[in-house]
Every structure is written in structure tokens, then in C-alpha cells.
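K.L.:
Dumping the structure here so I can ask a few things about it.
The values are calculated or read from the model by the stated rules, or taken from the named source; none is laboratory data. None of the values given here were measured: they were computed from a predicted structure. Because the Cβ atoms are built from the backbone with ideal geometry, glycine has one as well, and the counts that use them run over all protein chains shown. Just so you know, the surface numbers come from the protein's heavy atoms only, side chains and all, with ligands and any DNA or RNA stripped out. Shrake-Rupley method; radii C 1.70, N 1.55, O 1.52, S 1.80 Å.
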Amino acid sequence: VRVSCVSGKKEQRRDHFFIVFAADTMRVLCALAVILVTLQAVHAVSNNGSWTGVWRNDARVDDFGGLMTTCVDGTRLQGTFSAIGFVEGTTKGRNVTGTWKVGGYTDNVYGGFEWTLNADNKGFSGYYWYNDEPCVYYNWNATRLENLLNTDCQPLTTDTSLSIEGHWQAGNKDFGIDDLWICVNDKDESQFHGSYELDPRGIQAFVWGRTFDRGVSAQGSYYDNQGVEGMGIFKMTSKNTMVTYQYNVPFYADAFEDYYSPNVNRRQLNWTRIDKSSESLCNRHKNQLSFSWDGAWTDVGYSAASRFYVCTADDGSAWGVYNNFGSVVGTIKGNVFSGRFYDSGFCAACQGNFTLTLDSTFQSFSGSYVYDNQPGTKFPWTETRIDASSEASSGCATLAGGSSTLQGRWKIDANNFLDICLTPASKNDSTTGKMEGSATFDGAPVYLTGAYSQNGQLIQFNYKTETDVGVGSIRLTGTKTLIFTAWETPEEGVFIPTNFQHCLSSTERNPAYDNGQIVQVNTYDTTTTSSRCNRFSYLKNRDLDSSNPPARSAAPSIVAPLFELVLALVSLFFLF
């Protein structure tokens with residue numbers, strides 16, 4: 001479509017003559033023509049299979065409630081969604097594959113996706129997954145909004161000669177200048193830290209997180225002098241320009257469906273690089289960071305999907321849980337965390353001592369651990385922070401403290417009970433000792449033997465049923481609450497579960513990996529007897545029934561009933 005908006009003369013082009021109208025009439029017709037061309041362009045976009053457009057999510061688990069805009073340059077697709085995340089991908093006809101990221105120095109905030117344009121070109125359907133579990137897929141479907149043109153793609157720069165490191169400014173002299181100083185860590189360029197000041201609002205904050213795309217994009221969490229903990233995303237749009245999006249909530253799940261809510265206080269700032277940064281400027285407001293060890297860390301000794309959760313108290317005590325397989329209890333002095341670790345299972349090599357040292361950025365630690373039965377051998381223990389939000393503390397399974405112990409009868413449900421008996425190590429030492437227990441899970445008998453520590457609030461055990469053996473742990477998290485974790489092992493005497501498997505590629509979708517089960521029990525009766533605790537002791541001398549083993553799904557294993565119980569507990573939680 002060609003439109004000539006010339007008035008006052010006759011114009012001839014390739015034998016086509018454009019009629020000259022009076023100036024006012026011509027302006028009106030030109031305006032109508034521009035509108036018509038725009039509508040035709042919108043209609044063409046929605047009907048030619050283009051990936052350029054504005055979309056509304058119809059099915060994505062972590063939907064923030066806003067819209068997504070996408071732009072395509074050749075085969076490169078880019079876009080933003082709900083002013084907190086962005087996508088990048090490669091188109092191939094009606095399909096696109098790529099990566100997504102949302103704000104926050106937290107867990108599960110980036111991954112991949114696959115989309116396919118619907119037959120009518122009015123939407124797409126597909127899947128997304130998290131980076132550490134690429135074979136567990138979730139639906140991501142969207143509808144094209146036909147009458148909207150995308151204006152906020154904010155394409156990521158392809159110039160990676162400079163990273164986000166530097167001194168940035170936003171705003172203007174009339175309304176106030178905002179300053180942001182960012183430093184990329186010397187030891188690990190995938191991490192950054194920094195400080196910013198928003199004028200004239202008087203906000204001073206510390207921010208830290210992860211970098212991506214060779215340093216031109218990043219995710220971070222921030223803590224300011226007004227007590228706000230928030231999350232943000234950083235995206236360089238050119239060598240010297242950057243856009244940031246911020247939500248004043250600590251964890252991305254807190255912003256679901258809240259795009260238009262004033263509670264999240266969304267903010268977009270456009271920055272210009274003006275100078276280099278320095279460590280002193282980047283740490284200018286590090287005092288706003290009120291913790292050091294707290295949060296979630298990688299746990300690479302088990303798998304990419306495993307996590308090590310750490311929590312601390314004001315008195316210097318600290319505790320944590322790794323991979324739901326073991327616990328740590330200790331103290332913190334300065335940047336050093338030392339204490340005892342306890343793996344699941346009852347064995348000579350199931351516990352020991354550890355000493356860990358936090359680096360100056362608070363983003364990684366290194367140290368070693370030693371098993372009690374190998375006092376002369378140190379094993380390295382080095383991890384990287386994966387989650388700096390206050391939400392991460394929920395994974396610590398903090399011990400109850402006080403005088404309560406795990407001794408007694410615990411009611412799992414109306415027909416299933418767990419009986420625990422504790423025997424002190426000596427008359428003078430009741431803080432540690434042996435344990436014996438019996439339980440039924442979905443009617444299947446289970447016998448447990450093991451040891452207790454931490455004044456009777458932590459148990460490591462081996463279990464045996466008529467068809468399975470395994471290891472586990474029990475933690476007292478309240479006067480009437482315990483957390484029971486069980487892992488199946490291939491045979492007796494083996495203390496590494498066969499189910500430390502996590503998907504590492506997207507070739508197998510939604511596999512039924514059995515990564516241990518956790519049950520929280522909330523009904524406690526202190527009265528129990530030794531006869532209750534050893535009522536299934538006959539199992540310890542019984543060979544597993546392997547002559548004609550039942551189908552896996554029908555086996556009365558401890559793990560399957562636990563999984564069903566977890567679902568029941570979750571259902572009750574949402575019911576009440």
C-alpha cells in the first residue's frame with residue numbers, strides 16, 4: 001500500500017497519477033489511509049503465521065497476569081512478559097524453541113520452552129520447563145490479541161563486548177538522578193552484586209544475583225533501607241543502555257496474578273552507562289543485607305536438581321537439610337559454619353563433622369567434611385548460592401528445640417501408626433542413643449532400627465518391609481510435629497539410594513523418578529511401649545520376597561504409601 005500525502009501540486013510516478021486535493025481534505029484522507037494500513041498490517045500479522053504479536057497466557061502455572069509481547073528479527077525471537085520476565089528463541093516455521101527468565105535471585109526462575117503456532121494463527125500451544133529438571137514439562141498456551149501492536153519487546157543486545165558491570169544512571173536533573181553500581185564477581189562471572197540509590201525517593205538498596213547471555217542480562221534480588229525485599233531482572237538493550245524491571249515481592253510466586261495489584265509496586269527503569277564501577281561503590285549499601293548463610297545452595301554431590309537449605313538464628317546457631325537426605329546442625333562464627341552432619345541411614349559412615357567458609361560476596365562457600373569412621377580423610381564441600389530469598393528458609397526443617405523428643409506413638413491416619421522407642425547411650429548421656437520403631441503405611445508393616453542424636457530430636461534409620469529395604473531420617477520440627485523421609489535402596493547394607501536420579505535432558509518427558517518421600521505427621525501421643533516398637537521386628541531376619549515379586553505398582557513399599565499420604569495431606573491443607 002502506497003500513500004501520497006502531497007498537497008498543492010500534481011505528482012506522476014511510473015504512469016500513475018495521484019489526484020491533488022485541497023490541503024484539509026488531503027490530511028483527513030491521509031489519516032484514514034494510515035489507519036487502514038495499520039489495521040491491514042495487524043490483520044496480516046494475525047493471519048500469516050508470524051510470531052510477532054501480543055499474547056495473553058491461557059495456561060502457564062506461574063502466570064503473573066500481564067501480557068507478553070514478542071518480536072522477530074530473521075529467525076531470532078525476543079519478548080517480554082508481565083514486566084518481570086523475557087524470552088529468547090529461534091523460530092523454525094510454525095515452531096519456536098528458546099529460553100525464559102524471570103526476576104529474582106531465587107530458585108526455579110529460568111528454563112526453556114517449545115511453542116507451536118495454532119492452525120488458525122490466533123494462538124500457540126507448547127511447554128516450558130525449569131533449568132534443573134528439563135524433562136518435567138508444564139503447559140504454556142497463549143492467545144494472540146489481534147488488535148494490539150507490540151511496543152515493548154526490549155530486544156536484548158547482541159553486542160557482548162561489555163557486560164552489565166558499570167555505573168549506570170536513570171532519570172533526569174529536573175526529577176532526580178538514580179544511580180546503580182554493578183560489579184561482576186572476579187572468581188565467578190555468572191554472579192554479580194551492586195548498590196543503587198533512587199532519588200528523590202531516598203531509596204538505598206543492595207542487589208545481587210546471576211548473569212546470563214555473556215553478561216548482558218541478569219536476575220537479582222534487592223534489599224532496601226525501607227525494609228523492602230524485592231526481585232528484578234536486568235536486560236541490556238545496547239552496549240550502553242539497559243532496562244530493569246522490579247517487583248517489591250521477595251519471590252516470584254508471590255506475584256502470580258498480581259500484575260495490576262499495587263502490592264507488587266512494579267517499576268521499570270531505563271538506564272544509561274556513564275562510567276566504570278568499583279567494589280567500594282558496589283558494596284556501598286551491603287549493610288542492607290541482613291543475613292549471610294541463609295538461603296538455598298546447590299548440592300552438586302547428589303544432582304543438579306538437589307538443594308542444600310541453610311537457616312540461622314541470632315545466637316549463632318545454624319541448621320539445614322541437603323537433598324532431603326541429610327541434616328546439618330552447628331554454629332556460625334564470622335564467615336565459618338561448623339558442626340555435625342547426618343545422612344539418612346544407620347551406619348558407621350552416616351555422620352561426621354564439617355567446616356565451611358563463606359566467601360566475601362556471600363555467594364559461594366568451600367570447606368570439607370569428615371566421616372566419623374574416617375577421621376584422617378577430608379572430603380571437599382563447595383557450593384554456590386541458588387536462592388537468596390526469605391522463602392528459602394522453609395526448606396530447613398528446623399529442629400524444635402526444648403525438651404521434647406521423638407519418643408512415643410505418632411498417628412499417621414486412622415489406621416496407621418508410627419511407634420518410636422529411644423534408648424540412651426548411657427545413664428549419664430541421654431542426648432544420643434539407639435532407636436527402634438515399627439509402623440504401618442497403607443497397612444504395610446515396616447520395621448526401623450537406628451540411632452538418635454540432638455537430644456532425641458533427630459533419628460537416622462534403616463527400614464525393612466516384606467518387599468523393600470531402605471534408609472531414612474526423622475526430624476522433630478515441633479512439639480507435636482515430625483518430618484519423616486524415606487529412600488529405597490537396592491539391598492541391605494547399601495546406604496546410597498538407587499533413586500538419586502534427576503532428569504538431565506529433555507528426551508524423556510515427565511519420568512516417574514522416585515526421589516524419596518517426605519511425610520509430615522501432626523498427631524502425637526507420648527504413650528508407647530517396647531512391644532509396639534518391636535511388633536514388626538520379625539522383618540529384620542526375613543529375606544525379601546523375590547521368588548515371585550509383585551508388580552512395582554502393587555508392592556506394599558514404604559515409599560508408595562508415603563506418596564499417597566503426601567497427596568492426602570496436601571488435599572487437606574487446601575480444604576481447610
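K.L.:
Gain in length, residue 432 to residue 90, computed as 0.36 nm per residue apart minus the alpha-carbon separation, to one decimal in nm?
P.N.:
Extra length available between residue 432 and residue 90 comes to 117.3 nm.
K.L.:
Please give the net charge around residue 301, taking every other residue with its beta carbon less than 12 angstrom from that of residue 301, where Lys and Arg add +1 and Asp and Glu add -1.
P.N.:
Combined, the nearby Lys, Arg, Asp and Glu give -2.
K.L.:
Tally Lys/Arg at +1 and Asp/Glu at -1 over every other residue whose Cβ is under 15 Å from the Cβ of residue 285; what's the total?
P.N.:
Neighbour charge sum, excluding residue 285 itself: -4.
K.L.:
Of the listed pairs 411/480; 464/540; 235/286; 434/540; 187/239, which have alpha-carbon separations greater than 18 Å here?
P.N.:
Distance filter (> 18 Å) returns 235/286; 187/239.
K.L.:
Amide H of residue 386 versus every other amide H placed in the peptide plane: which residues, excluding those fewer than 5 positions away on the same chain, fall under 5 Å?
P.N.:
Result for residue 386 returns 296, 297, 298.
K.L.:
Write down the accessible area per residue of region 81-180 in Å², having rolled a 1.4 Å probe over the full set of protein chains.
P.N.:
Ligands and nucleic acids excluded, the figure is 41 Å² per residue.
K.L.:
Rolling a 1.4 angstrom probe over the protein chains, ignoring ligands and nucleic acids, what is the accessible area of residue 213 in square angstrom, nearest 10?
P.N.:
About 50 Å², rounded to the nearest 10.
K.L.:
Quick one: 3J(HN,Hα) in Hz for region 243-250, Karplus 6.51/-1.76/1.60 with θ = phi - 60°, rounded, Gly and Pro as x.
P.N.:
Per-residue couplings from phi come out as 10, 10, 10, 10, 10, 7, 9, x Hz.
K.L.:
Using a 1.4 Å probe, how large is the accessible area of residue 189, given in Å² and rounded to the nearest 10?
P.N.:
Probe radius 1.4 Å; accessible area of residue 189 about 140 Å².
K.L.:
Given R₀ = 25 Å, what would the calculated FRET efficiency be for residue 304 paired with residue 56, taking r from the Cβ atoms and rounding to 0.05?
P.N.:
0.15
K.L.:
Calculate how large, on average over all directions, the projected area of the Cα convex hull of region 305-426 is; give the answer in nm² to one decimal.
P.N.:
If I average the Cα hull's projected area over directions, I get 10.4 nm².
K.L.:
On to the next question. How much length, in nm to one decimal, is gained on full extension between residue 265 and residue 139, taken as 0.36 nm per residue of separation minus their Cα-Cα distance?
P.N.:
Stretched fully, the residue 265-residue 139 segment lengthens by 42.6 nm.
K.L.:
Quick one: accessible area per residue over region 322-467, 1.4 Å probe, rounded to a whole number of Å²?
P.N.:
Per residue, region 322-467 has 40 Å² of solvent-accessible surface.
K.L.:
So if R0 is 35 Å, what FRET efficiency would residue 253 and residue 333 give, r being the distance between their Cβ atoms, rounded to the nearest 0.05?
P.N.:
Calculated transfer efficiency: 0.55.
K.L.:
Run the simple label-point estimate for residue 382 and residue 161 please: 7 Å along Cα→C-beta, distance reported in nm.
P.N.:
According to this spin-label approximation, the distance is 3.4 nm.
K.L.:
How big is region 173-239 in terms of Cα radius of gyration and Dmax, in angstroms?
P.N.:
Calculated on Cα positions, Rg and Dmax stand at 12.8, 40 Å.
K.L.:
Follow-up. What percentage of the solvent-accessible surface of region 375-488, computed with a 1.4 Å probe over protein heavy atoms, is contributed by carbon and sulfur atoms?
P.N.:
Carbon and sulfur atoms account for 48 percent of the accessible area of region 375-488.
K.L.:
Hey, with R₀ at 30 Å, roughly what FRET efficiency would residue 526 and residue 492 work out to, going by the Cβ-Cβ distance, to 0.05?
P.N.:
Using R0 = 30 Å, I get an efficiency of 0.40.
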